[in-house]
1. Need one value: the accessible area of E455 in square angstrom, 1.4 angstrom probe, rounded to the nearest 10.
2. Within the stretch 176-210, what residues put their amide N at less than 18 Å from the label point 7 Å along the Cα-to-Cβ vector of Q130?
3. Tell me which of L165, F122, S152 sits at the most positive position along the dipole axis of the stretch 118-171, charges placed on C-beta atoms (Lys, Arg +1; Asp, Glu -1).
4. Which lysines have a Cα less than 21 Å from the Cα of K635, not counting those fewer than 8 places away in the same chain?
5. Under 5 Å between amide H atoms, partner at least 5 residues away or on a different chain: which partners does I713 have, H built in plane at 1.01 Å?
6. For the pair K745 and R565, what calculated FRET efficiency results from E = 1/(1 + (r/R0)^6), where r is the Cβ-Cβ distance and R0 = 60 Å, to the nearest 0.05?
7. For the chain, with the dipole built from +1 on Lys and Arg beta-carbon atoms and -1 on Asp and Glu ones, taken about the Cα centre, which of I713, A457, T472 lies farthest toward the positive end?
8. For the chain, what is the charge dipole size about the Cα centre, in debye to the nearest 20, if Lys and Arg each add +1 at the Cβ and Asp and Glu each add -1 at the Cβ?
Amino acid sequence: MWSVLLIIVVLIALVLFVKSLRIKLISAPAFKFIKKALPPLSQTEREAMEAGDIWWEGELFRGKPNWSTLHGYHAGQLTEEEQSFVDVQVNHVLSLIDDYDITVNRKDLPPEIWAYLKKEGFFSLIIPKQYGGREFSAYANSTIVSKIASRSISTAVTVMVPNSLGPGELLSHYGTQEQKDKWLPALAKGEEIPCFALTGPEAGSDAGAIPDLGIVCRQEFEGEEVLGISLTWNKRYITLAPVATVLGLAFQLRDPEGLLGDREYLGITCALIPGNHPGVNLGNRHNPLGMAFMNGTTTGKDVFIPMDWIIGGADYAGRGWRMLVECLSAGRGISLPALATATGHMATRTTTAYGFIRKQFGLSISQFEGVQEALARIVANTYQLEAARKLTTTGIDMKVKPSVVTAIAKYHMTELGREVINDAMDIQSGKGIQLGPKNYLASAYIANPISITVEGANILTRSLMIFGQGATRCHPYVLAEMEAAAHEDEKVGLSRFDGLLVSHMAYAFYNAFTSFTSALTGSRFNDSPIAGEVAGYYKDLQRLSSALSFMTDLSMLTLGGDLKRKEMLSARLGDALSELYLASATLKLFADNGHQHDELPIVHFTMQTRLHRCAKALQGAQDNFPATAMRWLMKLVVFPLGNRFKLPSDQLAIDVCKTVSRPGGVRERITHLCPILQDDQSGIAEVEHAYLAAWDCQKLEAKIKQAIKAGKIAAKLPIAIRIGQALKQEIITKEEADALLHADKLRSEAIQVNEFTAL
Ligand SMILES: Cc1cc2nc3c(=O)[nH]c(=O)nc-3n(C[C@H](O)[C@H](O)[C@H](O)COP(=O)(O)OP(=O)(O)OC[C@H]3O[C@@H](n4cnc5c(N)ncnc54)[C@H](O)[C@@H]3O)c2cc1C
């Protein structure tokens, strides 16, 4: 028996370590398989694949996250100038906002908000200082948009669009000096309002397939015959288009007469066209779920533009797709995640407050376990949102273009925003449903599907982009192996491929080994940068990271190019990567906040949720894996003892609610993007003030309750009468009675909803 085993081991070693044998028996067949299995990449796919950088997600993907790298990234912080802008200008905008008036009455921002936004450079957050812009960090940009979104989604979208993908961003990166000098100062001052038009009726998610066409030709322009482009386009869903004075336009460029060279089809191209240029139609509005931000169409037929209106000049003809993918990846990690985080901060502040002041069955509703279950999710998801916001903007501020991370942020944060606002609506019930100036929840609830749809609709982002890009981009060997397989000289290709394959096999074996042994030992021997209560999470993350890497290798080996068509499988593996990213962001936020003890229940709840979801995603991928032998191998290596990752316990949910029930401390920290201003008349301030007053009166309330129990005061009397009786019997002082009456007045006002004589 032992001698048979020994012979097998020796044979395997021979095949692996004797190069000629290995090439013949392993590398050459694998080389052939890869050549056949992987379809040639289209230009669009290649550009999407190559655009952007790999960052922290690469470590999570490869099975060996280096925790000191994660904790070495700076924690998002504002400069003095950014902090002052957030405290002064942003707070001033908040004080001007009446979201009900904006969305229902005006269907637009009031002129004074438009003027203030332009004057103070809200549209120039990403424009370099040398052109008069603010040149703020991604973190500051996100903080500004979030704070505004906590009060008004319509205002936040108006601010965020010029600071996301659009002419400002494209010009800063790719514009010619002349274009920068012409447009950037005017955009910075708000004299020009930009929009960017890619989407049209025929091309939404498949934006690379836009039919809008530009033909290179010569025509008269300003009295001279010049080389230029005759353009025809039909675009829809374009934010700010109805008020834009400058239009960024993406179109397919053709050169049938060979005026630029010998290529007839040049590819997607981006140009900047003044809104008043003859033939440009702007102005019609859509009505995106009743929100008041400007969104509409633009069309043009046979509109001639000179060549130097191409962003970057004639040299950039046909290079628009790559420009868009690179710029979109940064904006995608900032704007919509900022809206989702704002929803979390606003929902946490108002639901903890409302849950305390709203009483039913004689108790604050936040004392009922059913409510606590949903409230704990709101709080944990909000912590998660803030953690992901900070980590993602840190990556963008490091000047990497982390395209996988920003796709994760866009998809998962908008989905977390959806979970949060649904829970908040459930808890605040009628108060959340009845529209009016007092309603602070409804806009975020109604607008949520907008965030889900824009900048890459979520189903597509989940099913196609996260794992699709991540698997090849983050993998240490696959892209290089694909390139070796595509090498024109087959011999050179095979030799390179063989070297890569050896490293690849060692990598796959290491991941399988780590995953399997971690599962058997409960991750006990994995790395953690710290000891204590959260150490186990680092260790479990390493385990699941190895498991994901191992399963990715098996999936690629089994399915090859078909993997991208197996969208459900790809989505599940992408979910696992995303959960690892979100979980690591949570651990980083906890560390950056100084391991505050009062955050621990929230961190436990969040981490257990993430690990559970990650393991569930891997398990789902295994259960649905199309090849039986591989399915069982995956199950054996990843979950030899079954999937033991559990959702947080009921007790933990109760503990989370306790930590945020009191004013200040952790509650204030996780709601800082939804501030209460001085003389704040908003519905948010109303419910907050009622909560603070009620909180301060708890001891007095207890005195009255005791008196009722002792039969000194009759039960079931209106509150004011009870207080009067308590005063009369000297159970409370006059001052205490006044405090109780004041708190009750605030409570009573805060639980009201608006009523109208006619609508
Ligand atoms: C309010 C608003 C503002 C916008 N602002 C702008 C703007 O300023 N500029 C601009 O150019 N565009 C803008 N857009 C367009 C936006 O960014 C989306 O790209 C676009 O809405 C997606 O197209 P669609 O809605 O027609 O969905 P479709 O492309 O028709 O997709 C429908 C569904 O199919 C799914 N799907 C499609 N393909 C796949 C696939 N291969 N695998 C899995 N699922 C798939 C999608 O995820 C989606 O769920 C805006 C859109 C909205 C609604």
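The values are calculated or read from the model by the stated rules, or taken from the named source; none is laboratory data. Every value quoted in this text rests on a predicted model; they were computed, and no experiment measured them. Cβ sites come from the backbone with ideal geometry, for glycine too, and all protein chains shown count toward neighbours. Protein only, heavy atoms only, side chains kept; ligands, DNA and RNA dropped before computing areas. Shrake-Rupley method; radii C 1.70, N 1.55, O 1.52, S 1.80 Å.
1. 40
2. 176-189
3. Positive-end residue among those listed: S152.
4. Cross-link targets: K64, K539, K566, K616, K646.
5. Under 5 Å from the amide H of I713: I708.
6. Numbers: r = 63 Å, r/R0 = 1.05.
My answer for the efficiency is 0.45.
7. I713
8. Working: 76 positive and 80 negative charges, 586 e Å.
Rounded to the nearest 20 debye, it is 2820 debye.
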